[in-house]
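Working notes, structure below.
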Amino acid sequence: GGCGMACSAGTTCSRGSCVLSCAPNSILCGGVCRNIFRDDENCGACGTACRHVCNGGRRATPVAVYASEDTSVARFDDGTLRCWGRNYSGQCGDGTRDTRLVPVVVAVSGEVVDVSTASREVCACTRSGEMFCWGTSSHAGPVGTALVGPSRIPTLPFVTAVGTSTNHTCAVERDAGHVYCWGDAGGRIGDGTGTRRDMPVRVVDLDGAVDIATSSYTTCAVR
């Protein structure tokens, strides 16, 4: 605005006046910096209120909900997830073990199309066919010890559906409908050996599957 008129820390010069310097994806709304990518009251622009959740500057609407004894997960139409409830094993996938009384964003890489929840673990598959899990799987498996953020499950083909339980986890492969499971044995894995599996193995004599469901001691598939 004039020679020698310096702006104070945290502000920047705009049209001859010192204004607040907002972080990336944020703009001034009523003299306050608002993140228009995440602010439900200023979604995409100042004063644009969002009925549900603001994600990336657009309004996201919940399309499905999944629940276990301790944790709930909502899936939105833009493929993002939000989680709330007990989080002692990282079940909310937000990088903490703090109980969440309101929904928080799960940091899954990709657009999620299916989710399964267990008491201490959550698994999801994305539109690109990748599968991610987070929390503590009691069966160790590829997830291992408690993970507070999503971890991709290795060695799996393109998957379209997931199921996880206290003892084991399964996934449905897209092209031939093969089913892969891992975890504690007792017939849950379906590979004909009765052996605990820490990595995915294919269920014998089963193809054409389109969906999967798991409980502590049983697995069922729809062909």
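The values are calculated or read from the model by the stated rules, or taken from the named source; none is laboratory data. Treat the numbers as computed from the prediction; the structure is a model and nothing was measured. With ideal geometry, Cβ positions are generated from the backbone for all residues, glycine too; neighbour counts draw on all protein chains shown. When the accessible area is computed, the model is the full protein with side chains, heavy atoms only, and any ligands, DNA or RNA have been set aside. Shrake-Rupley method; radii C 1.70, N 1.55, O 1.52, S 1.80 Å.
Annotations for the structure displayed:
- Selection of region 86-109 for residues being under 14 Å from the mean Cα position of the chain (by Cα) and not in a loop (DSSP other than H, G, I, E, B) yields Pro103, Val104, Val105, Val106.
- Subset of region 108-121 (residues that are touching a Gly at 6+ places or on another chain (Cβ under 6 Å) and not hydroxyl-bearing (Ser, Thr, Tyr)): Glu111, Val112, Arg120, Glu121
- The set of residues from region 2-24 being exposed (fewer than 14 other Cβ atoms within 10 Å of the Cβ) and either polar (S, T, N, Q) or modelled with pLDDT of 85 or more (or both) comprises Gly2, Cys3, Gly4, Met5, Ala6, Ser8, Thr11, Thr12, Ser14, Gly16, Ser17.
- Any chance Gly208 is modelled with pLDDT of 95 or more and in a loop (DSSP other than H, G, I, E, B): yes
- For region 97-120, the candidate set comprises residues that are of a type in the set (S, T, N, Q) and either surrounded by 15 or more Cβ atoms within 10 Å (Cβ to Cβ) or at pLDDT 90 or above (or both); within that set, the residue that is farthest from His168 (Cα to Cα) is Thr99.
- Here Val162 does not fit the description of being among the β-branched types (Val, Ile, Thr), at pLDDT 85 or above and open to solvent by 40 Å² or more (accessible area, probe 1.4 Å).
- Enumeration of residues in region 1-45 that are in a strand (DSSP E or B) and of a type in the set (S, T, N, Q): Thr11, Thr12, Ser14, Ser17, Ser26, Asn35
- Across region 71-85, the number of residues qualifying as of a type in the set (Phe, Trp, Tyr) and either at pLDDT 95 or above or more than 11 Å from the chain's Cα centre (by Cα) (or both) comes to 1.
- Annotation: of all residues in region 39-62 being open to solvent by less than 30 Å² (accessible area, probe 1.4 Å) and at pLDDT 80 or above, the one that is nearest to Asp78 (Cα to Cα) is Cys43.
- First in region 1-24 and closer than 19 Å to Ile36 by Cα and among the aliphatic types (A, V, I, L, M), second anywhere and open to solvent by 60 Å² or more (accessible area, probe 1.4 Å) and modelled with pLDDT of 80 or more, Cβ under 7 Å, 6 or more apart: Val19/Leu28; Leu20/Leu28
- Flag if Arg196 is over 21 Å from Asp94 (Cα atoms), modelled with pLDDT under 90 and basic (Lys, Arg): yes
- A single entry from Ser151, Ser215 fulfils the requirement of being in contact with a Ser or Thr (Cβ under 8 Å, 6 or more places away or on another chain) and either more than 17 Å from Gly129 (Cα to Cα) or surrounded by fewer than 21 Cβ atoms within 10 Å (Cβ to Cβ) (or both): Ser215.
- Any chance Val222 is out of contact with any Pro (no Cβ under 7 Å at 6 or more places or on another chain) and either open to solvent by less than 40 Å² (accessible area, probe 1.4 Å) or in contact (Cβ under 8 Å) with a residue 60 or more places away in the chain (or both): no
Results for (1) in contact with a Cys (Cβ under 9 Å, 6 or more places away or on another chain); (2) assigned to a loop (DSSP other than H, G, I, E, B); (3) in contact (Cβ under 8 Å) with a residue 40 or more places away in the chain; (4) closer than 22 Å to Arg120 by Cβ, shown as yes or no for each residue.
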position: Val162; (1), (2), (3), (4): yes, no, yes, yes
position: Thr169; (1), (2), (3), (4): yes, no, yes, yes
position: Asp175; (1), (2), (3), (4): no, yes, no, no
position: Cys181; (1), (2), (3), (4): yes, no, no, yes
position: Arg188; (1), (2), (3), (4): yes, yes, no, yes
position: Thr193; (1), (2), (3), (4): no, yes, no, no
position: Pro200; (1), (2), (3), (4): yes, no, yes, yes
position: Val204; (1), (2), (3), (4): no, yes, no, no
